[in-house]
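These notes concern the structure reproduced below.
The values are calculated or read from the model by the stated rules, or taken from the named source; none is laboratory data. Keep in mind that what you see is a predicted model, and the values were worked out from it rather than measured. Neighbour counts run over all protein chains shown; Cβ positions are idealised from the backbone, glycine included.
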Amino acid sequence: MTIPSYDFPHSVVDSTSKAVIGQHMELIGPVTRIDGDKVTVSLRPLVTVDAEHVRLIESHVAPIFY
């Protein structure tokens, strides 16, 4: 599959469904970096995409240590 704004193909193995060309997929992974309008997500490997292609599923606020 091709990920928008990412120059290399990414392989996904899913034997439960038959993918077709042009089908949209939801890939879930933790955000590792936000740099302006780019977001890096750990899909193993790290993938950097435009922020407009990322949807927040679960919010997390890091704890503050005093």
Taking first residues from the range 28-50 that are closer than 18 Å to Val61 by Cα and second residues anywhere that are among the basic types (Lys, Arg), the pairs with Cβ under 7 Å that are 6 or more apart or on different chains are Thr40/Arg33
Note to self: in a loop (DSSP other than H, G, I, E, B) and at pLDDT 85 or above: is that true of Gly29 in this structure?
What the structure shows: yes
